Structure formats: C-alpha cells, structure tokens
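Peer 1: I have a structure here, written as structure tokens, and I will follow up with some questions on it.
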Amino acid sequence: MRIVVSVFLLVVSLAAQAQAWPNKPIKYIVNFAPGGTTDILGRMVAAGLTSVLGQPVVVENKPGQAGSIGAAECARAAPDGYTLCGGTISSHAINASLYAKLPYDPLKDFAPITLLASLPNMLVVHPSVNASSVAELVAALKANPNKYSFGSAGNGTSQHISGELFKIMTGTQMQHVPYKGSGPMIPDLLAGQIQLSFENITTAYPQVKAGKLKALAVTSAKRSFVAPEVPTMAEAGLTGYNISSWQAMYAPAGTPREIVSRLHAETAKILRAPDNAKKLQDLGLDAGGITPDELAAFMRAEIPRLGKIVRDSGAKVD
C-alpha cells in the first residue's frame, strides 16, 4: 500500500512541476567542446528557448569520451525539465557498441525531444598530402601504411567511425588521433600535425573554401547542397559507404510528457525561424524537428547499424 501511495504522490508531484514549469533557469549540457556543430546548435536552441520560456537556458560544455561525459550527467539529472542536453550519433548510438561500460543506456535513460539537424562528414586533407581524389589518397595510404593520421572529435564520434569504415572498405592503415571536439582538432589539421579528417561539413567546408584544406568526398549517400561539387564516397569508388552525422536533444528519462511535448514544439519552431533556417543551411545542416517518438524509433535503427561498423572495425574503448 505504501508503494502505491508513494508512486501516486510522485506522479502528482511531477504533474504539478510540469504545470509550473519553468520557474527557474534551465541547464543545457553541450557534450562537446566549444566551436563544433553540437555547440553551435546547442547555443542556437538555448537562445531561442530563453526567449519563449521566459527563463534563462544556460549552456554548459562538458566534453569528453565522444560525448559520454556530458550525456551521463544529463542521464543522472532530476527529470524535472531543468536539465537538457545535446546528443549525437556518437553519444547516443555509436558509444553503445564502442564502450564496454557505458555509464548510461541511450534508449532507456533519456527522454528524446527532437532531432536538431543532420549533416554529412567531409573527407578533407592538408595541402601537403599529395592527393586530390579518394583514389589518390588510397594509393598514398597503401604505399605508406600508418604514415598518415586522421583526427576526430573523439573516440566513437561520427568522424572516428567514418575513418574506420574508410579503412575497412579500402584496406588501408592510418593512425587515429582523437580530440575533445572539433574545436581543438581543426588547428592541428590546419597546421599539418595531422594529415586528414572526416570532419563535419559545418566546420570542414569553410576551411576548404578558404583554401586551407582539400575536400575529397562527403560521407553521405547524396551530395551535400552546400558543396555540390564534392563527390560522395560511393561516387569516388566506395560503393555502399554511407554515414551521416546527426544531432539531437534530450532530457533525462521520466521528464513529464507535457514538458517534453512543449520543448519539442518550441524547438521545432526555433529551427524553422527564418534567421536560424538560413544559418543552418549556410552551415550545410538539414534541419530536424521530428517528434520524440520518431527520434526514439530512429535511434532504435541507428544503434545496431552503427554497432556493426564498430564491431567490423575492431575499435574498442575501455
């Protein structure tokens, strides 16, 4: 009887919180370093929600372990609508297979809110690399096993797995250098300390347009509208190669449905706002906005698909 009463009181309490929400600042955890796509989107959403909710939505960057550190903090937070977080293809899909002891369950420990955006990665190389096509890069890698290194935003990120899939499909060897986000990785790539990356098009393509990097291919099934001159991996000879990075938004599991529904509705409007829509397009991002249930179904499909790539690559992180 006590258990029944306790559950009833908890439900009543959560319902009351949902009706009064929000009446204090909200924390939005960005689980990568400043400067990358996750940070850009998180700050866009936080600014928009601050305006419509009447309470500050404060961004906190918690990078590390391909987004796992920030995601774990979000999963542990009280499900009261005052902690939100960004989530990515790495933190909420790839890491489920890459890490032997992930401190959260991507499907069970979060309340999905919406997909914020999706985007391809772009295979870019430093100008010092004597390759202007995927075929030429493959030839250089085969002639010099493990001479070249590719940087990523961290173990388990879409950039990392894009590189691992490339190695599998081409039979090449190169060193992986993980960073705590794209922000700290890009300067080393521009300096030639690492030779290539499968970086988000958002941060890679501006460097290509500036003449500081060479673009060889995009990782998606179709060419990107922002860089239509760059071929897909499949067009470059790697038939079946297809990895698109994605960015989503979550609350801790158990967050009242009324709060999740409102966050979804308001965030979808923020993504569609003319200024934001143009910014997303300029960055090469396909805007999201799908429902919480649709995001949950999408994740249930992505986790096993990407898990196979992780297992085939042999990549593992303790």
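The values are calculated or read from the model by the stated rules, or taken from the named source; none is laboratory data. Computed from a prediction, not measured in an experiment: that's the story for all the values here. Positions of Cβ are backbone-derived with ideal geometry, glycine not excepted, and every protein chain shown enters the neighbour counts. With ligands, DNA and RNA removed, areas are computed over all heavy atoms of the protein, side chains included. Shrake-Rupley method; radii C 1.70, N 1.55, O 1.52, S 1.80 Å.
Peer 1: Percent antiparallel among DSSP beta bridges with both residues in the chain, to the nearest 5?
Peer 2: So the antiparallel bridges in the chain amount to around 60 percent.
Peer 1: Then there is this: Could you work out the Rg to Rh ratio of segment 146-202, with Rh taken as the Kirkwood radius (inverse of the mean 1/r over all Cα pairs)?
Peer 2: 0.94
Peer 1: Per the Debye formula with a single identical scatterer at each Cα and no solvent contribution, what log10 I(q)/I(0) holds for segment 197-251 at q = 0.14, 0.17, 0.21, 0.25 Å⁻¹?
Peer 2: Taken in order of the listed q values, log10 I(q)/I(0) reads -0.39, -0.55, -0.79, -1.03.
Peer 1: Pull out the extension gain between K209 and Q55, defined as 0.36 nm times the separation in residues minus the alpha carbon to alpha carbon distance; nm, one decimal.
Peer 2: 51.6 nm
Peer 1: Reported to two decimal places, what Rg/Rh ratio describes the chain when computed on Cα atoms with Rh from the Kirkwood expression?
Peer 2: 1.01
Peer 1: Here's something else I'd like to know. Do the alpha carbons of any pairs in K167/K308; K27/K62; K212/K278; K142/K167 sit beyond 20 Å of each other, and which pairs?
Peer 2: K212/K278
Peer 1: If exposed trypsin sites (Lys or Arg not before Pro) are those in a DSSP loop with at most 16 other Cβ within 10 Å, what is the longest stretch of the chain that has none?
Peer 2: For trypsin sites (Lys or Arg not before Pro) (loop position, at most 16 other Cβ atoms within 10 Å), the longest site-free span of the chain is 1-100.
Peer 1: While we're on this one: List the extent of the Cα atoms of segment 90-217 along each of their three principal axes, largest first, rounded to whole Å.
Peer 2: Answer, in whole Å and largest first: 47, 30, 22 Å.
Peer 1: Segment 113-175 to segment 236-291: how many Å between their Cα centroids?
Peer 2: That distance is 25 Å.
Peer 1: How large is the accessible surface per residue of the chain, computed with a 1.4 Å probe and reported in Å² as a whole number?
Peer 2: Computed with neighbouring chains in place, this is 42 Å² per residue.
Peer 1: Percent of alpha carbon pairs in segment 26-183 separated by more than 20 Å?
Peer 2: Beyond 20 Å sits 54 percent of the P(r) for segment 26-183.
Peer 1: Suppose every Lys and Arg Cβ carries +1 and every Asp and Glu Cβ carries -1, with no other charges. What dipole size does segment 178-312 come out with about its Cα centre, to the nearest 20 debye?
Peer 2: Once rounded to the nearest 20, the dipole reads 40 debye.
Peer 1: Using bins 5 angstrom wide from zero, how does P(r) for segment 17-62 break down, in % of all Cα pairs?
Peer 2: Taking all Cα pairs of segment 17-62, the binned fractions are 5, 23, 28, 20, 14, 7, 2, 0 percent.
Peer 1: Moving on. So how tilted is helix 158-170 from the main axis of the chain? Cα-based, degrees 0 to 90, rounded to 10.
Peer 2: Taking the Cα atoms of the chain, the angle to 158-170 is about 40 degrees.
Peer 1: While we're on this one: Using only the Cα atoms of segment 256-318, what are the Rg and Dmax in Å?
Peer 2: 16.3, 44
Peer 1: Tilt of helix 257-272 relative to the longest C-alpha principal axis of the chain, in degrees (0 to 90, nearest 10)?
Peer 2: 40
Peer 1: Quick one: plug the Kirkwood hydrodynamic radius of segment 196-318 (C-alpha pairs) into Stokes-Einstein at 37 °C, 0.692 mPa s, and report D in µm²/s.
Peer 2: Reported coefficient: 193 µm²/s.
Peer 1: Round to a whole number: what % of the accessible area of the chain belongs to carbon and sulfur, probe 1.4 Å?
Peer 2: Of the solvent-accessible surface of the chain, carbon and sulfur hold 55 percent.
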